[in-house]
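Below are the structure tokens for one structure; questions will follow.
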Amino acid sequence: MKSYVIHLIRNAPCEGNLEGRYIGRTESPLAMQSIQELVGLKKEFIYPEAQGFYASPSTRCVDTLKILYPEADPEVILEMAECDFGDWEGRTAQELQQDEKFRAWMEEGGQNAPPNGESGAVFLQRVLSGFEMLVQNMMSKGETSAVLVTHGGVIMGILSAYGLPRANFYDWMCESGCGYSMRITPGLWMRSHVAEVFETLPRGEEGESPDHLVVDLAREAADRAYGKREEE
């Protein structure tokens, strides 16, 4: 049965990220330290080949993808943008400590919208709409593999909504330059909107991976859902 594989990779940090600033829609260049670390990952580990390449509209995501895949001409998906932090864009938590609205936002888990920003629910709805559109486009074009470079929160939102095994939002956190591979089977996707998360990224020649969240539980859940497969 034909399936579609999407490799989700988290962007390298920009200057603002390393300074602890809320960088959502604000453009901030990749930090030199981040570029060096990303190049190091690329030398030490293997990133998968793909037919299609997609990225968040943020420069830091497009630049991350181009470092990992220099020959790629990525298609930008607006819905894969980071959350809009509104009036708090570019500021640090320390700078906002005296803001009552910020303190309340933190206590509520960041789900309500910052002033002139985007709530957690609106953010997630946008991201999921964009992801479903991406899957539909892949199926329409017969594109069986794709790389999507986007933000950590976007990846966590996608996998908490569609990933097998079922896991909470923060359980899908991964390091910059790392991520997950998910396999979409059309029948199961159309029926239940779920996908098997089968591997962490990137991988070494002997199968080793950087020290980040491993998805052994995903393989076990997939085996239960689909039946055990031969190793690829």
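Please report, to one decimal in angstroms, the Kirkwood hydrodynamic radius of region 28-159 built from all distinct Cα-Cα pairs.
16.5 Å
As an exercise, find the ratio Rg/Rh for the chain from alpha-carbon atoms, using the Kirkwood inverse-distance average for Rh.
Dividing the radius of gyration by the Kirkwood radius yields 0.97.
Still on this model: What residue among GLY16, LEU124, LEU201 has its Cα farthest toward the positive end of the dipole of the chain, where the charges are +1 on Lys, Arg and -1 on Asp, Glu, each on the Cβ?
LEU124
Further question: Can you list the HN-Hα couplings for region 98-103, worked out from phi with the Karplus curve (6.51, -1.76, 1.60; θ = phi - 60°), rounded to whole Hz and with x for Gly and Pro?
Here the 3J(HN,Hα) series is 8, 7, 4, 5, 5, 4 Hz.
A further question follows. To the nearest 20 Debye, how big is the dipole of region 80-146 about its Cα centre, given +1 on the beta carbon of each Lys and Arg and -1 on that of each Asp and Glu?
240 debye
Let me ask something else. Region 69-112: which GluC sites (Glu not before Pro) are DSSP loop and have at most 15 other beta-carbon atoms within 10 angstrom?
Those satisfying the criteria are GLU71, GLU95, GLU108.
By DSSP, what percent of the beta bridges with both residues in the chain are antiparallel, rounded to the nearest 5?
Antiparallel: roughly 50 percent of the beta bridges in the chain.
Evaluate the relative contact order of region 26-174 (contact order divided by residue number), counting alpha-carbon pairs under 8 angstrom at least 6 apart; express in whole percent.
Relative contact order for region 26-174 comes out at 26 percent.
Also: Within the chain, count lysine pairs with alpha carbon atoms under 21 angstrom apart where the residues are 8 or more positions apart or belong to different chains.
4
The numbers here are math on the coordinates, done by the rules we state, and not lab data. Bear in mind that the values here come from a model prediction, so they are computed numbers and not experimental data. No Cβ is skipped: glycine too gets one built from the backbone with ideal geometry, and neighbour counts run over all protein chains shown.
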